[in-house]
């Protein structure tokens, strides 16, 4: 019955700053805009064919409402260079206990984003047990 994640919703007090991060630094596409009282109110950020981040103008919620969003990528090293070129801080690439490469960044609203690049050994492909040490 359940197919996939449809969207994760975040709030922002600055649509332009959030737009710059997702559409320029991450080079993602816009799905569509939300208009309220003839003014921009939000938009969908495309993360694949039918998966999105929904962004609305408003006060971001308390930390912990969304722990993080994980986005699968194909070229982790290229993405890291691109994000740095826009002046954003990004963590160090590391191999996670699930055998996937990962790196973390925080968007302008404090939303943590984990980027995943799967390997041939990634548990996302093979299942099994992920033994954690944290």
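The values are calculated or read from the model by the stated rules, or taken from the named source; none is laboratory data. Remember, predicted model here, so these are calculated numbers, not experimental data. Positions of Cβ are backbone-derived with ideal geometry, glycine not excepted, and every protein chain shown enters the neighbour counts.
Checking the stated criteria, residue 24 turns out not to satisfy the condition of being farther than 30 Å from residue 95 by Cβ and touching a residue at least 24 places away in the same chain (Cβ under 8 Å). For first residues located in the stretch 41-69 and closer than 14 Å to residue 13 by Cα, partners that are assigned to a loop (DSSP other than H, G, I, E, B) and at pLDDT 85 or above and lie 6+ apart or on another chain with Cβ distances below 8 Å form the pairs 57/13; 58/13; 59/13; 60/13; 60/109; 60/110; 60/111. Residues of the stretch 42-49 include none that is over 29 Å from residue 124 (Cα atoms), surrounded by fewer than 17 Cβ atoms within 10 Å (Cβ to Cβ), at pLDDT below 90 and more than 14 Å from the chain's Cα centre (by Cα). Looking at the stretch 60-79, is at least one residue in contact with a helix residue (DSSP H, G or I) (Cβ under 9 Å, 6 or more places away or on another chain), part of a strand (DSSP E or B) and surrounded by fewer than 17 Cβ atoms within 10 Å (Cβ to Cβ)? Yes: the stretch 60-79 contains one or more residues that are in contact with a helix residue (DSSP H, G or I) (Cβ under 9 Å, 6 or more places away or on another chain), part of a strand (DSSP E or B) and surrounded by fewer than 17 Cβ atoms within 10 Å (Cβ to Cβ). In the stretch 116-131, the condition of being assigned to a strand (DSSP E or B) and either touching a helix residue (DSSP H, G or I) at 6+ places or on another chain (Cβ under 9 Å) or at pLDDT 95 or above (or both) is met by at least one residue. Selection over the stretch 1-17 of residues that are part of a helix (DSSP H, G or I), surrounded by 12 or more Cβ atoms within 10 Å (Cβ to Cβ) and without any contact (Cβ under 8 Å) to a residue 60 or more places away in the chain gives a count of 1. Quick check, is residue 20 in a helix (DSSP H, G or I) and either at pLDDT below 90 or over 27 Å from residue 129 (Cα atoms) (or both)? Considered against the rule, which asks whether it is in a helix (DSSP H, G or I) and either at pLDDT below 90 or over 27 Å from residue 129 (Cα atoms) (or both), residue 20 comes out as yes.
Applying the condition of being more than 12 Å from the chain's Cα centre (by Cα) and in contact (Cβ under 8 Å) with a residue 60 or more places away in the chain to the stretch 86-107 and asking which residue is surrounded by the most Cβ atoms within 10 Å (Cβ to Cβ) yields 88.
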